[in-house]
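As structure tokens, the structure follows; a few thoughts come after it.
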Amino acid sequence: MTPATRDYHDIPGTYVFDGAHQRKGYWLNMFCKSLDVAAHRDQFRAHPNDYLARFPMSEAQREAVLMRDWLGLLRLGGNIYYTFKLAIFDGLSMQHVGAAMSGTGMTVDDFRRMMVSGGRPAKGMRSLRQNAEVGHG
């Protein structure tokens, strides 16, 4: 089975951090990891574009960092554990990032309540292939 045909690629909204995804996001994740160092955080805060230029990321990855496009970072090869370092840099909690990733305009409090009550309901189409078959995708 080639990476393009893996079963998990058929799940809407799922970005599995496999080998191919890791290679795609290597420099994005290395940038995020660099924020572990206080001096690097200071440099990034002072001159974000100059600091990002140190990492050979794609333009889309750089833009996602600057826009804090949390879901976009995952689509572009980011690993949640590394991209969360950027959220921490901004003083955000995992609930902030989760609410932003919902794509629904959900507030942090709404996201927190949803998770405490058991999470998002597992209803509707569960496959990109199914969505295409019924004209939803």
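What to note about this one:
- Matching residues in the stretch 110-119 - criterion: being farther than 21 Å from residue 83 by Cα and either surrounded by 16 or more Cβ atoms within 10 Å (Cβ to Cβ) or among the acidic types (Asp, Glu) (or both): 110, 114
- Whichever residue in the stretch 90-106 is free of Cβ contacts under 8 Å to residues at least 12 places away in the same chain and of a type in the set (A, V, I, L, M) and, among such residues, is farthest from residue 41 (Cα to Cα): 106
- Residues of the stretch 54-109 that are at pLDDT 95 or above, surrounded by fewer than 18 Cβ atoms within 10 Å (Cβ to Cβ) and among the polar types (S, T, N, Q): 58 alone.
- Residues located in the stretch 32-51, provided they are buried (at least 18 other Cβ atoms within 10 Å of the Cβ) and farther than 12 Å from residue 89 by Cα: 51
- Pair list, Cβ < 6 Å and 6+ apart or interchain, from the stretch 10-27 residues that are closer than 15 Å to residue 72 by Cα and at pLDDT below 80 to residues that are open to solvent by less than 70 Å² (accessible area, probe 1.4 Å) and among the hydrophobic types (A, V, I, L, M, F, W, C): 15/74
The values are calculated or read from the model by the stated rules, or taken from the named source; none is laboratory data. Predicted model only: the values in this text are computed from it and were never measured. Neighbour counts are summed over all protein chains in view; Cβ atoms, including those assigned to glycine, are modelled from backbone coordinates with ideal geometry. Protein only, heavy atoms only, side chains kept; ligands, DNA and RNA dropped before computing areas. Shrake-Rupley method; radii C 1.70, N 1.55, O 1.52, S 1.80 Å.
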